[in-house]
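Right, one structure below, let's go through it.
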Amino acid sequence: MTPTVATTCADPVILDQWHPLLPLDEMTADNVGHTILLGEQLSYQLDTDGAPVVWLAADADATALPVLVEYLYVWVCLGSPPEALFAIPEFAEPDRRNIHAGTIGVHVSAPRAIENFLDMGHFPYVHTDVLGAEPHTEVAEYDVHIDPDTNDVWATECVFYQPRAATTSTEGQMSDYLYRVPHPYCVILYKTTPLAAERMDVIALFCRPIAEDRIEAHMFLCLLDPDNSETVIRKFQQTIFGQDKPILENQYPKLLPLDPRAETPIRADKVAIAYRRWLSDLGVTYGVIPAA
Amino acid sequence: MSDPRSLWHPVATSIDLPQHHIFHGQLLGREVAVWRADDDFVNVWENRCLHRGVRLSIGTNDGNELTCRYHGWRYANRSAGCTYIPAHPADAPARTICNRTFPAVERYGLVWSGEDPVGEPPLVPMLDDGTPFTLRSLPVNASAEIVLAQLRDHRFQPVGALDGDHAAMAVTELGDFALALTATGANYHSTAVFFVQPVDSDRSVIRAVLTDTPADSEQIAVLRHHATRLGQLVALAETAATDQPAPEPMVATIDQVSLALSVMPERETNRSAPLRVQVARKWETAHDIMAFELVSTGNPLPTFQPGAHIDVHLPNGLVRQYSITNGPGDTACYRIGVKLEAESTGGSQALHDTVNEGDVLAISEPRNNFPLRRDALRTVFIAGGIGVTPMLAMTQALQPMGLAFELHYFAQAEEHLAFDEIRSTLGDYVTVHLGLSPGETSAELTRVLQGYDHANQAYICGPGPMLEAARTIAAEAGWPDQAVHFEYFKNTTEIDDSSSFEIALARSAVTLQVPSGTTILEVLRDHGVAMPSSCEQGACGTCVVPVIEGDIDHQDVHLKQTERDAGDQIMTCVSRATSDRLVLDI
Amino acid sequence: MIKLYDYELSANCYKQRLILSLLDVPYESVPVDFFPGLEHKSDEFKKINPLGHIPVIDDDGYVLWDAHAILVYLAAKYDPSGQWYPTGDPQLLGEAASWLLFAEGTTNTASAARLYVNLGYDFDIDVCRAGAHRLFRVLDEHLWFREREGLDWVCSGSHPTIADIAIFPDVVLSEEGGVSRLDYPALRRWTDRVKALPGFTIMPGVFPVGTS
Ligand SMILES: N[C@@H](CCC(=O)N[C@@H](CS)C(=O)NCC(=O)O)C(=O)O
Ligand code: FES
Ligand SMILES: [Fe+2]
């Protein structure tokens, strides 16, 4: 296993995805901004109608790349884009608050970040006294399936004891979770809220791959919480992700190994195993060490 | 030049390993986590948790075990075997989950290790003949080759004449990665040995040792003198390195995990006694109870978990099970306690009478059918007589984690209490109950087991009647079946083996007949299925097999009532079918 | 009660939370939407600190900004033993002042590298990282000799000072900015000692010290 880190992306599966560049409200008409996606320097600006325009910085003609505005972000494709992005119907519900909670750079591959997001076993150790606390460390059995229509990976029937599951929590609770992976570098979780019995908060991580082993992670929330200020909600979310960051940056190798013999799974890692297999089946090679 | 991977190299200094610290090092491109345990053993491990690849150097060292920061997996001192997986507190981790270790030897104030070193770490006669004094190590952003070249021109002053600048220098080559320099002045001379640790193709650490320790009053000045001079050398070496093209980084290969571990842990495959141990110590720990300390005669002993037992194969051909009493990280030996049974069929008798210090015994690898959860808010241990042995391992595992527990130890009289030396470290957590009648014992158990609360767990080991009493009392006190764990010494129920039925092996599509008088275990073995077993009387739980279909005639004492009711597992050494057919998941 | 205008992921705000916790002084953390809201650049916030940065404290109407200045004030005012900011010992005080200036250096290199990686700040990352390594090398040697003299802290007293608190966050978070501490074992041991202080508190990116 010799991880080599590619400088540009030659993976058609990844090139043909929509990638979340940045929140729409961080683009202006006044200035040209610059950023990196999959090793390519990009420039961007709003046009006079307020629509985002993105082009390769090296392209003298500044040919506009395909873009999409969805869930507060500008999405770009460097290859041939799929028609639509995955659906998050909750986004349109009138009583929801859609919040961009921040973007944090992490020196790790996107799939490692996704796998961390899918993992309940680390709550007591990494998010101590918030999302978990010793000795409540057990990850109960849960189910995993692939949706035959959308090909999304799902983990269902997940439960975990949490001392302070959200900004709205006042005491410990058994939280119910659903996890969904609709895109190689994007993950969504649905989580019990103390505020409504039948509905769930939606929390998503959209990773922008800067390089094979480096990302910026956008944190997107679609919550039922009517009370807490945006500042407080962002603080909670950034604290959580800030705790994951040093773990992710201490994982070796930085690319996610797809060979089953690279690491040691346990039953709690069922969804991670399914995600790795799913990446293999899609033929993803960027950000992973493909199985031999 | 020999392959650097076959050589010993320094990876740290001894003072880099204070109590409960984890040193982060690197050698030949491979990162290592280096830590000292409370028994002074120095561990040099691949700096990578087997679970999800997280650096172990960001974890914690409690003096016995190293705990990973990400999911709390614990790894034992010495063996680096995983002893606990918190996500599945009711499971015993597969014994074979073992991190990669490298050898470690402390010498000259340095810790020596290597990828695959041949022979002994270097003996440097000029250090062995002197009183070695370890200087401060310096990292350099340059290859070992560049650093060694610079060292050949390195200058310093002898102790006694630190202020001068004209000592004559003489070089002695000491192999591929070391050399000695002697500085001689008018009245003084000093020799320093310089070891260059190849960290990566473009990085090194200079680790230097003077042959003679200066007087106390001079030490700081000597250390500062060398720090300054070596600091100048580092600057020169780094300049030389930037003048050269950057070399390719070294690549350390990471071992694959075994095929078995890459999927769900597989069941063990046969009844065997692969380990050879020597009785290092035998002593009478209580009236009629002999304690044995068993040390390996070959490879280090495998990791065990609290609650684990070993099969001891006795000189007279009998096989007996004994719980390991050791606490976490105490992995250099196994300590067991053997009670002389009145109606002994020869097992305990043989150990008491014929096995002596120095004898070699064949034992199985440790097996854990009595796993300890470490996620309970309160754990109650109830031990009757020799049943205390697994509890000793368990309590020692919980105590350093600060988890609440109490051990109730029932025995006939003071002189029957075993393992004082362990119990005394448990202080107030132990309550001793002496000389109680069966009625008094039940009354005491009722007291002990009252007040069941969420996340309480009870572990009970002792004679059969006491276990049966405890089972009833716990149920009456509201303890759910899953929270009460029993370990039986033996199965005293009369086994009825008169039924006959057929078994279908789902995975191999084979159907076999089990005639009356023969066990499922025997039938499986006769047909070439390698089956593990231990007590072979339905007490230990080793021979369990999952059941997919059919009605089970449970005759063991290992399964809890809820597990029996679930009907999805069978102890193949005693239990049978009430239906005509059982479908087994093997 | 003291109000701290605070951002959870800021190393400089953490310095204040740390000293307040070590001194066991109650305070109210006022979260500032530093990122992505850029609240510290708002006109509203500039009424509190015209420089537009945090941390800022408001101690019953007395407003003070700049991380290391706030450390001086809090320790001078709230540490009755006078050890964290040793005004009674001119030599120690001089050392503390010198190492506070050193901490300006670690802030402008190690912590700047972290802002570059985490929040996309526009710095010359190679310069930041090289500068951090230069300072860490000096500090590692310094602390190694301190240990050799039987001393645990940056200054030569037997008690830690605000200089330790000013430097600690920049050091302990450095790997987030791509500045490894592999070459600085004495620095790593010193971070363990800081973490073992009674009243020590963590932030995201800082692991607590191990059990026992
Ligand atoms: N704000 C979320 C935290 C979500 C988050 O960012 N964390 C990911 C990565 S650890 C996750 O899996 N969180 C679980 C969780 O949110 O509870 C919450 O309400 O708890
Ligand atoms: S990565 Fe070490 S316990 Fe999971
Ligand atoms: Fe997390």
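Inside the stretch B:150-168, can you point out the residues that are in contact (Cβ under 8 Å) with a residue 12 or more places away in the chain and open to solvent by 50 Å² or more (accessible area, probe 1.4 Å)?
Passing the criteria: B:Arg152, B:Arg155, B:His166, B:Ala168.
Inside the stretch B:39-73, residues that are of a type in the set (Phe, Trp, Tyr) and within 16 Å of ligand 3 (Cβ to nearest atom) make up a count of 1.
Is it the case that A:Thr137 is of a type in the set (Val, Ile, Thr), crowded, with 17+ Cβ neighbours inside 10 Å and within 14 Å of chain B (Cβ to nearest Cβ)? Yes. Being touching a residue at least 24 places away in the same chain (Cβ under 8 Å), assigned to a strand (DSSP E or B) and either within 16 Å of ligand 3 (Cβ to nearest atom) or assigned by TED's automatic domain parsing to the domain that holds A:Glu26 (or both) narrows it down to one of A:Leu189, A:Leu248, A:Leu178, so name that one. Unique residue meeting the criteria: A:Leu189. Among the residues of the stretch B:100-123, those that are open to solvent by less than 10 Å² (accessible area, probe 1.4 Å) and either of a type in the set (S, T, N, Q) or out of contact with any helix residue (DSSP H, G or I) (no Cβ under 9 Å at 6 or more places or on another chain) (or both) comprise B:Trp112, B:Ser113, B:Pro121.
Of the residues C:Asp192, C:Asp126, C:Asp122, the single one that is at pLDDT below 95 and surrounded by fewer than 19 Cβ atoms within 10 Å (Cβ to Cβ) is C:Asp122. The C-beta contact set for the stretch A:93-120 (first residue within 14 Å of chain C (Cβ to nearest Cβ) and in a loop (DSSP other than H, G, I, E, B), second residue within 16 Å of ligand 2 (Cβ to nearest atom) and modelled with pLDDT of 95 or more, distance under 7 angstrom, 6+ apart or interchain) comprises A:His107/A:Glu249; A:Val108/A:Leu248; A:Val108/A:Glu249; A:Val108/A:Gln251; A:Val108/A:Lys254.
Sub-6 Å Cβ pairs linking a first residue in the stretch C:21-38 that is over 15 Å from C:Val56 (Cβ atoms) to a second residue that is among the acidic types (Asp, Glu), at least 6 apart or interchain, are C:Leu23/C:Asp79, ordered by first then second residue. Number of residues in the stretch A:237-271 that are within 16 Å of ligand 1 (Cβ to nearest atom), aliphatic (A, V, I, L, M) and open to solvent by less than 10 Å² (accessible area, probe 1.4 Å) equals 4.
Can you name every residue in the stretch A:191-236 that is within 11 Å of ligand 1 (Cβ to nearest atom), within 11 Å of the chain's Cα centre (by Cα) and open to solvent by 20 Å² or more (accessible area, probe 1.4 Å)? Listed by number, the list holds a single entry, A:Ile203.
Enumerate the strands (runs of 3 or more DSSP E) found wholly within the stretch B:312-383, keeping only those where 2 or more residues are in contact with a helix residue (DSSP H, G or I) (Cβ under 7 Å, 6 or more places away or on another chain).
Per the criteria, B:319-323, B:334-339.
For the stretch B:83-123, filtering for residues that are away from chain A (no Cβ under 13 Å), modelled with pLDDT under 90 and over 20 Å from B:Asn43 (Cβ atoms) leaves 2. Can you go through A:Val108, A:Val76, A:Val126 and tell me which one is away from ligand 3 (no atom under 16 Å from the Cβ), of a type in the set (Val, Ile, Thr) and surrounded by 20 or more Cβ atoms within 10 Å (Cβ to Cβ)? Matching residue, one of A:Val108, A:Val76, A:Val126: A:Val76.
Conditions tested, residue by residue: (1) among the acidic types (Asp, Glu); (2) within 14 Å of chain C (Cβ to nearest Cβ); (3) touching a Lys or Arg at 6+ places or on another chain (Cβ under 6 Å); (4) in a helix (DSSP H, G or I).
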| position | (1), (2), (3), (4) |
| --- | --- |
| A:Gln237 | no, yes, no, yes |
| A:Gly242 | no, yes, no, yes |
| A:Pro253 | no, no, no, no |
| A:Arg261 | no, no, no, no |
| A:Ala268 | no, no, no, yes |
| A:Ile273 | no, no, no, yes |
| A:Arg277 | no, no, no, yes |
| A:Ser280 | no, no, no, yes |
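Scanning the stretch A:89-105 for residues that are of a type in the set (A, V, I, L, M) and under 24 Å from C:Phe35 (Cβ atoms), we see that the one that is surrounded by the most Cβ atoms within 10 Å (Cβ to Cβ) is A:Ile104.
Taking (1) at pLDDT below 95; (2) under 27 Å from the mean Cα position of the chain (by Cα) in turn, B:Ala458 satisfies each apart from (1). Hey, any hits in the stretch B:316-330 for a residue that's over 26 Å from the mean Cα position of the chain (by Cα), not polar (S, T, N, Q) and not assigned by TED's automatic domain parsing to the domain that holds B:Glu65? Yes, the stretch B:316-330 contains a residue that is over 26 Å from the mean Cα position of the chain (by Cα), not polar (S, T, N, Q) and not assigned by TED's automatic domain parsing to the domain that holds B:Glu65.
How about the stretch C:191-204: which of its residues are facing another protein chain (nearest Cβ under 8 Å) and within 17 Å of C:Phe136 (Cβ to Cβ)?
The one that is facing another protein chain (nearest Cβ under 8 Å) and within 17 Å of C:Phe136 (Cβ to Cβ): C:Asp192.
Applying the criterion of being open to solvent by 10 Å² or more (accessible area, probe 1.4 Å) and on the phi < 0 side of the Ramachandran plot to the residues of the stretch A:153-166, the residue that is farthest from ligand 2 (Cβ to nearest atom) is A:Ala166.
Among the residues of the stretch B:494-506, are any part of a helix (DSSP H, G or I) and either surrounded by 13 or more Cβ atoms within 10 Å (Cβ to Cβ) or among the polar types (S, T, N, Q) (or both)? There is no residue in the stretch B:494-506 that is part of a helix (DSSP H, G or I) and either surrounded by 13 or more Cβ atoms within 10 Å (Cβ to Cβ) or among the polar types (S, T, N, Q) (or both).
Tell me, yes or no, whether the stretch B:63-70 has at least one residue that is free of Cβ contacts under 8 Å to residues at least 24 places away in the same chain, crowded, with 22+ Cβ neighbours inside 10 Å, among the aromatic types (Phe, Trp, Tyr) and within 13 Å of ligand 2 (Cβ to nearest atom). Yes - at least one qualifying residue is present in the stretch B:63-70.
The values are calculated or read from the model by the stated rules, or taken from the named source; none is laboratory data. What you see is a predicted model; the values in this text were computed from it and never measured. Note: ideal-geometry Cβ built from the backbone for every residue, glycine included; neighbour counts use all protein chains shown. For accessibility, only protein heavy atoms count, side chains too; no ligands or nucleic acids. Shrake-Rupley method; radii C 1.70, N 1.55, O 1.52, S 1.80 Å.
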